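Participant: Quick one: structure below, then a few questions.
The values are calculated or read from the model by the stated rules, or taken from the named source; none is laboratory data. Computed from a prediction, not measured in an experiment: that's the story for all the values here. Here the Cβ positions follow ideal geometry from the backbone for every residue, glycine too, while neighbour counts run over all protein chains shown. The area values use the complete protein model at the heavy-atom level, side chains included, leaving out ligands, DNA and RNA. Shrake-Rupley method; radii C 1.70, N 1.55, O 1.52, S 1.80 Å.
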Amino acid sequence: MLRPPSWAVRLILFVSLCIAFALNLEAACAAGYEEVLYEGLRYLANKDFRQAENCFQKAYQLNPTDADAVILLAKAKAYLRKYKEAIELSKKVIAMDPQFVQAYDTIGFAYLNLHDYEKGIKYLTKSLQLNPENQTGEKYLAVAYNRLGKEPPPYVPRLLDDSKTMTKVSNAMQEQKWDAAIAVINEYLRTHPNDPEAYLKRGSLYELSHRLPAAIDDYTRVLKIHPCHELANEARALAYHHNHQETKSIDDLIKMMRAEPTHWSVHYRLAHAYSLAGKPKEAIKIYSGLLKIHTSSLEARMGRGDAYLQNREYENAIQDFTQFLKADPERSGSAYYKRGLAYERLGKNEQAKADFAMAAKLGYKPNPDKTK
C-alpha cells in the first residue's frame, strides 16, 4: 500500500503551485499591459484622445511604476483639457526619471492653459535645458513670456550663426578635406566649449572620415550637456548601428520613441536593434506593438517573422511570412527562403523544399552567416 506524502512534500508541492500561479499571473498582466498600451497608441495616432485615455488608464493600473504608461496617460488628459490631472501624473514621471523631458513639456503646456505662466516658464525652461531642439517647447515658452509682458532670455549664438567659421568648414568639406574642416571647428570650440552644434558638426565629419568612435564621443559630449538632445540621440544611435554596437543604440532609440510614441520608423528601428543585439523577445514585443498602431506595415510583419525565427517560434514565423507573401508574392525571395527555414526546422521538408525553390527562382541568394 502506498503511503501518503509527508507534510514536507505537501508543502513543497503547495509552494511550487503558488510560484507557478504567480509567474502565470505576472505573464498575463504583462501581456495585458502591452495590449492596452499599444491599443492606446493606436487611438492616440488617430487623435481619439478619449479612447486613448481609457487604454492608458488601464495600462497605468496594470503597471503604475512604468513611466511610459504614466506620461502617455498624462498627455491624453492634457489633450482632453484635464490639466490638473496631467500635471499630477507628469510630476510622478519626473520623480521616477528626472530626465524624462516629455513630462516637463506636458506640465508646462498644462500650466500655460491654466494661465499660470510663471510655472509654465519654469518647466518649459527645464525641458529646453534637456533638449534645446524642442521647437514646440520653445514656441510655448515664447508665448508664456509674451503673456507676462517679459522679454525671454537672450539668444545664445551657435556655430551655424558664425558665417566666417561655417564658410571655412564648407570650403574644406567641398574638397573633402575632413581634417581641415575638423581643425576649423577645433579652433571654434576653444572659445565656445559648450556649443552642441559644434560637436554635432565635428561628429558628422568624423563619420565622413570613417572615425566612428570619435563621432560617438562627440555625440556623447552633447548628451552630457543636454541629456535629451534629439539630434544627438539620433546621430549617436545611427553611429552605434554603423559601428555594430546595437545594444548601446537601444537607450537612444527608446528616448527617440518617447519623443514620437506613434512614429513608425522609430519603433521599427528599435525592434530591429533588439534583433541585431540578440534580444528577439524584446523585438517581437515592439514589432507586435507597431502592428497594432500601423496594422498594414509589411516591414513590421517581415521583421517580426525574422524575430520569431530567431527565437525559434517557427509556427509564428511561418504565419508572419505567409501574411507578408500574400501581399507581395512575386518580389520577396527572402520571405520564401526564411519561411523555408522555419518549415525545415519543424521537419516539414516538402514545404521547405518548395519555398527554397521559389526563393531561388526569384534570384534570392542567402547570406550564409544568417542561415545558421
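Participant: Please work out the C-alpha center-to-center distance from the stretch 92-120 to the stretch 323-372 and express it in whole Å.
Facilitator: First find each Cα centre; the distance between them is then 51 Å.
Participant: Just how many % of Cα pairs in the stretch 44-116 lie over 16 Å apart, if you round to the nearest whole percent? Each step should come with its number before you reach the end.
Facilitator: On the way: 1097 of 2628 pairs.
Roughly 42 percent, once rounded to a whole number.
Participant: Still on this structure, please answer the following. So if R0 is 22 Å, what FRET efficiency would LYS91 and TRP264 give, r being the distance between their Cβ atoms, rounded to the nearest 0.05?
Facilitator: 0.10
Participant: Here are several values of Kirkwood radius over Cα pairs in Å: (i) 23.4; (ii) 24.2; (iii) 20.7. Which one was derived from the coordinates shown?
Facilitator: Derived directly from the coordinates: (ii).
Participant: Then there's this: Around PRO157, what is the net charge, scoring Lys/Arg as +1 and Asp/Glu as -1 over all other residues with Cβ under 14 Å from its Cβ?
Facilitator: -2
Participant: Picking from LEU89, LEU159, GLN319, whose Cα lies most toward the positive end of the charge dipole for the chain (charges on Cβ: Lys, Arg +1; Asp, Glu -1)?
Facilitator: GLN319
Participant: Here is a follow-up. What is the extension gain from TYR155 to ARG81, computed as 0.36 nm multiplied by their sequence separation minus the C-alpha to C-alpha distance, in nm to one decimal?
Facilitator: 23.5 nm
Participant: Tell me, what is the FRET efficiency for THR136 and LEU114 to the nearest 0.05, using R0 = 22 angstrom and their Cβ-Cβ distance as r?
Facilitator: Efficiency for this residue pair is about 0.75.
Participant: Might you report the magnitude of the Cβ-based charge dipole of the chain about its Cα centre, with Lys and Arg at +1 and Asp and Glu at -1, to the nearest 20 debye?
Facilitator: Once rounded to the nearest 20, the dipole reads 600 debye.
Participant: Here is a follow-up. Taking the square root of 5 times each eigenvalue of the Cα gyration tensor, what semi-axes in Å does the equivalent ellipsoid of the stretch 186-228 have, largest first?
Facilitator: On the way: eigenvalues 54, 35, 9 Å².
Over the Cα atoms of the stretch 186-228, the semi-axes work out to 16, 13, 7 Å.
Participant: Could you check the spin-label model distance between ARG312 and GLN174? Points 7 Å from the Cα along Cα→Cβ, value in nm.
Facilitator: Result: 6.0 nm between the two label points.
Participant: If I model a spin label as a point 7 Å beyond the Cα along the Cα-Cβ vector, how far apart are those points for LYS164 and ASN243 in nm?
Facilitator: The answer from the label model is 3.4 nm.
Participant: Let me check I've understood the local charge: for GLN323, count other residues with C-beta under 12 angstrom from its C-beta, Lys and Arg +1, Asp and Glu -1. What total comes out?
Facilitator: +2
Participant: Let me ask another. On C-alpha positions alone, give me the angle between the axis of helix 196-208 and the longest principal axis of the chain, in degrees, nearest 10.
Facilitator: Relative to the chain, helix 196-208 is tipped by roughly 60 degrees.
Participant: With a 1.4 Å probe and every protein chain left in place, tell me how much accessible area TYR274 has, in Å² to the nearest 10.
Facilitator: Surface accessible to solvent at TYR274 totals approximately 30 Å².
Participant: Using all alpha carbons of the stretch 252-351, what is the percent of pairwise distances in each 5 Å bin, ordered from the shortest bin to the longest?
Facilitator: Answer for the stretch 252-351: a P(r) of 2, 15, 24, 22, 19, 10, 6, 2, 1, 0 percent.
Participant: When the distances between all Cα atoms of the stretch 294-372 are binned every 10 Å from zero, what whole-number percent does each bin get?
Facilitator: Per 10 Å bin, starting at zero, the Cα-Cα P(r) for the stretch 294-372 comes out as 21, 57, 21, 1 percent.
Participant: Follow-up. Name the shape class, rounded, prolate or oblate, that the alpha-carbon gyration tensor gives for the stretch 153-235, where a ≥ b ≥ c are the square roots of its eigenvalues, rounded holds for a/c under 1.5, and otherwise prolate holds if a/b is larger than b/c and oblate otherwise.
Facilitator: Judged from the Cα gyration tensor, the stretch 153-235 comes out oblate (a/c at least 1.5, b/c at or above a/b).
Participant: Now a separate question. Quick check: the angle from helix 280-293's long axis to the longest principal axis of the chain, C-alpha only, nearest 10 degrees?
Facilitator: 70 degrees
Participant: Ignoring ligands, DNA and RNA, how do THR191, THR106 rank by accessible area with a 1.4 Å probe, largest first?
Facilitator: Ranked from most to least accessible, the order is THR191, THR106.
Participant: Let me test this: with uniform point scatterers at the alpha carbons of the stretch 56-203, what is the Debye-based log₁₀ I(q)/I(0) at q = 0.19 1/Å?
Facilitator: Calculated log10 I(q)/I(0) at the listed q: -1.00.
Participant: Rounded if a/c is under 1.5, else prolate if a/b is larger than b/c, else oblate: which is the stretch 118-260, with a ≥ b ≥ c the root eigenvalues of its Cα gyration tensor?
Facilitator: The shape class here is oblate.
Participant: Related question: Using only Cα atoms, tell me the angle between helix 135-148 and the longest principal axis of the chain; keep it within 0 to 90° and round to the nearest 10.
Facilitator: Computed tilt is about 50 degrees.
Participant: If each residue of separation counts as 0.36 nm, what is the full-extension length gain between ALA214 and LEU362 once their alpha-carbon separation is subtracted?
Facilitator: Difference between extended and current length: 49.1 nm.
Participant: With just the Cα atoms of the stretch 214-281, tell me how far they stretch along each of the three principal axes, in Å, largest first.
Facilitator: Cα spread of the stretch 214-281 along its principal axes, largest to smallest: 33, 26, 14 Å.
Participant: While we're looking at this one, here's another question. Translational D (Stokes-Einstein, µm²/s) of the stretch 80-145 at 25 °C and 0.890 mPa s when Rh comes from the Kirkwood sum over C-alpha pairs?
Facilitator: Reported coefficient: 215 µm²/s.
Participant: For the stretch 121-187, what ratio Rg/Rh do Cα atoms give with a Kirkwood hydrodynamic radius?
Facilitator: On the Cα set of the stretch 121-187, Rg over Rh gives 1.20.
Participant: Which FRET efficiency value, to the nearest 0.05, is calculated for ALA277 and ILE254 with the Förster distance at 22 angstrom and r the Cβ-Cβ distance? Mind dumping the intermediate values first?
Facilitator: On the way: r = 13 Å, r/R0 = 0.58.
After rounding, the FRET efficiency stands at 0.95.
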